[in-house]
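Asker: My structure is below; once you've seen it, I'll send some questions.
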Amino acid sequence: MMERQKLLPGNDLLKLKVCGLTQLEQIEELTAMKTDFLGFIFYEKSPRYILNHLSLKQIGEIKHRGKVGVFVNESLERIAETAEKAKLNFIQLHGDESKDFTIELRKKIHPENGIIKVIRMVNQISDELQQIIHENQSADYLLFDTDSTAFGGTGTTFDWNILNSIEISLPYFLSGGISSENIEKVKHLKQKPFAIDINSRFEIKPGVKDLEKIKILKNNIK
């Protein structure tokens with residue numbers, strides 16, 4: 001765990017992940033802005049499927065220590081191969097991957113790669129959610145996102161209040177409809193997120209980000 005966390009930016013401020021990137025010029029500008037995490041979606045059904053825009057080699061050449069690959073119910077072998085070729089730092093499991101899957105993935109990837117397990121929020125009661133968190137302790141981080149058949153990128157917010165009724169034993173990313181209008185509500189969470197994860201509410205169209213809106217948000221959280 002400690003070895004993987006060496007890859008992270010070295011301060012305690014709320015970190016920012018911009019997901020669903022597809023444009024190399026925007027990736028370069030976000031890197032220059034010192035964005036903490038860059039998210040690349042490797043799910044073919046997504047309108048932000050990165051390999052429709054950039055090759056694994058191009059992603060691998062991006063100089064950044066927080067490159068996150070997002071996978072949905074992908075095979076262990078495909079994830080490990082993609083992570084190596086694209087030189088990913090983190091792997092985000094956004095599907096129905098089990099505890100055993102995470103354990104096996106750990107054996108196949110670079111020891112310094114972090115694993116982020118997504119918990120898709122539907123209408124779980126506290127006890128159910130606590131059990132799901134317990135079952136995912138083999139990950140390094142959790143990510144709470146609004147459930148959808150598209151596996152993210154909906155721009156819809158779930159009820160953050162439920163996070164105050166549970167114990168979150170791993171650092172977590174908060175996702176799902178985060179905007180400049182609701183970011184202040186993060187202050188009301190008893191256990192603060194490690195990072196926020198933004199996507200569709202900061203886009204001009206799928207995969208093309210509104211960098212000015214991201215700059216404003218980034219200034220607000222720093």
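The values are calculated or read from the model by the stated rules, or taken from the named source; none is laboratory data. Just so it is clear, the structure is predicted and the values come from calculations on it, not from any experiment. Because the Cβ atoms are built from the backbone with ideal geometry, glycine has one as well, and the counts that use them run over all protein chains shown. These area figures cover heavy atoms from the full protein model, side chains too; ligands, DNA and RNA do not enter into them. Shrake-Rupley method; radii C 1.70, N 1.55, O 1.52, S 1.80 Å.
Asker: Which order do you get for Glu74, Glu25, Glu184 if you rank them by accessible area with a 1.4 Å probe, largest at the top?
Answerer: Glu25, Glu184, Glu74
Asker: Just how much of Tyr49 is accessible, in Å², when a 1.4 Å probe is used and the result is rounded to the nearest 10?
Answerer: 20
Asker: Relative contact order of the chain: what whole-number percent is it, with Cα pairs under 8 angstrom and at least 6 residues apart?
Answerer: Here the relative contact order equals 20 percent.
Asker: Accessible area, 1.4 Å probe, largest first: how do Ser165, Ser46, Ser180 sort?
Answerer: The ranking, largest first, comes out as Ser165, Ser180, Ser46.
Asker: Related question: Largest first, what is the accessible-area ranking of Met121, Met33 with a 1.4 Å probe?
Answerer: Met33, Met121
Asker: When the accessible area of region 88-179 is computed with all protein chains present and a 1.4 Å probe, what percentage of it is carbon and sulfur?
Answerer: 48
Asker: Quickly work out the Ser180-to-Ile204 label distance, labels modelled 7 Å from Cα along the C-beta direction, and quote it in nm with one decimal.
Answerer: It is 1.6 nm.
Asker: Send over a whole-number figure in Å² for the accessible area per residue of the chain, probe 1.4 Å.
Answerer: About 48 Å² of surface per residue is accessible.
Asker: Let me ask something else about it. With charges set only on the Cβ (+1 for Lys and Arg, -1 for Asp and Glu), what does the dipole of the chain come to about its Cα centre, in debye to the nearest 20?
Answerer: So the dipole magnitude of the chain works out to roughly 700 debye.
Asker: With every protein chain left in place and a probe of 1.4 Å, what is the accessible surface of Arg120, to the nearest 10 Å²?
Answerer: 50
Asker: A further question follows. Specify whether the C-alpha gyration tensor of the chain places it in the rounded, prolate or oblate class, a ≥ b ≥ c being the square roots of the eigenvalues: rounded for a/c under 1.5, otherwise prolate if a/b is larger than b/c and oblate if not.
Answerer: It is rounded, given that a/c, with a ≥ b ≥ c, falls under 1.5.
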